Ligand SMILES: [Zn+2]
């Protein structure tokens with residue numbers, strides 16, 4: 001487990017992770033800063049200073065999301081079985097629309113994502129999706145399935161997304177809000 005520390009000036013927790021990678025990178029998706037560096041990397045903390053502006057900007061976005069999330073509510077009515085059924089039905093529907101053939105659909109607990117799509121065309125969905133409004137679950141399904149057509153979040157990717165979800169920016173923001181709402185209501189992390 002990575003060591004958790006705290007940056008006072010920025011009011012954010014951070015951890016350092018050593019991995020078999022070439023270049024260091026910073027992640028701040030979940031509200032905590034993760035500094036990912038190649039094995040043997042010296043003084044990873046220095047990256048905090050170097051990228052302070054970027055970190056501050058991200059923290060601002062996160063704080064705004066947390067503020068918005070106070071006006072949202074989780075759905076406690078939907079069961080995991082309901083979620084599974086809805087996902088399968090919609091994967092079938094979107095397979096036709098996108099002309100793709102997913103391999104497996106897997107529901108599991110995921111720590112930092114709503115879903116993912118592997119190169120083997122396995123679709124993974126976070127079980128926590130059951131707490132979300134239906135249109136956001138639908139958006140996550142379509143988003144992950146679009147990755148079977150376009151791997152990266154590039155222009156083409158968002159073009160395909162907008163054929164079904166014109167308001168994808170709003171959806172991405174909403175997903176972030178619900179992420180923080182779940183973190184605070186279910187006391188995760
Ligand atoms: Zn994506």
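Things worth noting here:
- Gaussian network model of the chain, Cα within-10 Å springs - most flexible of 146, 30, 163: 163
- Each of 114, 158 was scored by other Cβ atoms within 10 Å of its Cβ. Arranged with the fewest first, they read 158, 114.
- In segment 4-69 the Cα-Cα distances spread across 10 Å bins starting at 0 as 20, 53, 22, 5, 0 percent of all pairs.
- Virtual spin-label span in nm between residue 93 and residue 19, 7 Å along Cα→Cβ: 3.4
- In a fully extended conformation the segment linking residue 116 and residue 162 would gain 14.7 nm over its present Cα-Cα distance, using 0.36 nm per residue.
- The translational diffusion coefficient of segment 80-185, from Stokes-Einstein at 20 °C and 1.002 mPa s with a Kirkwood hydrodynamic radius over alpha carbon pairs, comes to 154 µm²/s.
- For the pair residue 29 and residue 101, a Förster radius of 25 Å applied to the C-beta separation gives a FRET efficiency near 0.25, rounded to the nearest 0.05.
- Distance cut-off 22 Å, percentage of C-alpha pairs in the chain lying past it: 55
- Legend: ranking of residues 100, 140, 61 from fewest to most surrounding C-beta atoms inside 10 Å; resulting order 61, 100, 140.
- Likely footprinting exposure, 51, 143, fewest C-beta neighbours within 10 Å first: 51, 143
None of the figures in this text is laboratory data; all of them are computed from the coordinates on show. Model, not experiment: these values are computed from the prediction. Note that we place each Cβ from the backbone using ideal geometry, even for glycine, and neighbour counts take in every protein chain shown.
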